[in-house]
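One structure below.
The values are calculated or read from the model by the stated rules, or taken from the named source; none is laboratory data. Please read these numbers as outputs of a predicted model, since none were measured by experiment. Ideal geometry is used to build each Cβ from the backbone, glycine not excepted, and the neighbour counts take in all protein chains shown.
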Amino acid sequence: MRTLNFELKQLCYRNRDGSYATQADRLRILQLTATQLHESGFRDLRAGGLKPKHVDALSQRWQTEGLNPGTIKNRMVQLRWWAEKIGKAGIIAESNKTYGIPDRQLVSSVSRARTLTPTELGRITDPYTAVSLKLQAAFGLRRAESIKLQPSWADRGDKLVLKASWCKGGREREIPIRTTEQRHVLNEARRLAQGGSLIPRELRFIDQLQRFKHQCSGAGIHRVHGHRHAYAQARYLEITGWKAPAAGGPTSKALTPEQRALDREARLVVSGELGHEREQVTAVYLGR
């Protein structure tokens, strides 16, 4: 292992900020960063030697690769974390615009929804991963939520209650149980978990997360966040009676005043069930 990769791994192990999922993502991003810096010619760089030229090189490479602005911004967050931990927070500009990184796209013009198919599930060999995927599709859960969930505790009959510790941003929320499919999936999850979570008792969250990723990769299941998009669009259709703009439905401008009121009601419901605080965020899932 190269020196920079090793030192960044040690930096992550000594500073366990955030949730297990955040720590895992940080380690992955910083290991990738170290490798890319080596490929860019910075062969003898140590963790304490980060300089503005390294940040410039990385940001330019990521933009040249055509990465999503959100992906680049997530990587910049970890670069700032690295700089802060070595006492050099000031070497990275506060604004990403300084590096020419465009704003995140907040309105979806193309549907990112994905459907979980029986064929895909048939390729999954780990029952915990399979049930987590089904819960994502049925309730619009985030990946980490679908793994940490304790089905017996969360199942309140007519709603699913998510603990704050399971959710991004520490925001507890409730999701109504409306369909027979949701009830079927939740009952399956309860039988598998046997009073616990959807993490096998002999594993930690980070271990099951890695197993989940490996299983999905092997089964050809990518962009699992698309299950949340599909849930959001299905709920919007259920409440309004017409498809979301991202799914081919009418745009907000084409709605009547009465329809706009219903549109806003649906977006507030979807925002709450997905665990977001702002109605505006639904534009990512539903379009505008």
### Message
For a quick check of your reading of the model, give me the residue pairs whose first member lies in the range 139-159 and is in contact (Cβ under 8 Å) with a residue 12 or more places away in the chain, whose second is surrounded by fewer than 19 Cβ atoms within 10 Å (Cβ to Cβ) and among the small types (G, A, S), with beta-carbon atoms closer than 6 Å and at least 6 apart or on different chains.
### Response
A144/A21; S152/G195
### Message
Restricting to the range 144-187, count the residues that are at pLDDT below 95 and among the acidic types (D, E).
### Response
1
### Query
Out of T129, T119, which single residue is in a helix (DSSP H, G or I), at negative phi and either basic (K, R) or outside the structural domain of C167 (by TED's automatic domain parsing) (or both)?
T119
### Message
Quick check on this structure: which one of I206, I239, I199 is among the β-branched types (V, I, T) and part of a loop (DSSP other than H, G, I, E, B)?
### Response
I199
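Okay, residues lined up against (1) more than 15 Å from G275 (Cα to Cα); (2) in a helix (DSSP H, G or I); (3) of a type in the set (A, V, I, L, M):
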position: I124; (1), (2), (3): yes, no, yes
position: L133; (1), (2), (3): yes, yes, yes
position: Q136; (1), (2), (3): no, yes, no
position: W153; (1), (2), (3): yes, yes, no
position: G157; (1), (2), (3): yes, no, no
### Task
Pull up the range 17-30, narrow it to residues that are out of contact with any helix residue (DSSP H, G or I) (no Cβ under 6 Å at 6 or more places or on another chain) and either buried (at least 18 other Cβ atoms within 10 Å of the Cβ) or under 17 Å from D207 (Cβ atoms) (or both), then point me to the one that is modelled with the highest pLDDT.
R28
### Task
Could you tell me whether any residue of the range 196-215 is closer than 22 Å to G170 by Cβ and more than 22 Å from the chain's Cα centre (by Cα)?
yes
### Message
Checking the condition of a type in the set (G, A, S) and over 22 Å from P118 (Cβ atoms), which residue from G170, G220 passes?
### Response
G170
### Task
Select from the range 10-44 the residues that are under 18 Å from I86 (Cβ atoms), part of a helix (DSSP H, G or I) and either in the same structural domain as W166 (by TED's automatic domain parsing) or among the hydrophobic types (A, V, I, L, M, F, W, C) (or both) and list them in ascending order.
L11, C12, L27, I29, L30, A34, L37
### Query
In this structure, does L67 turn out to be surrounded by 14 or more Cβ atoms within 10 Å (Cβ to Cβ) and not in a helix (DSSP H, G or I)?
yes
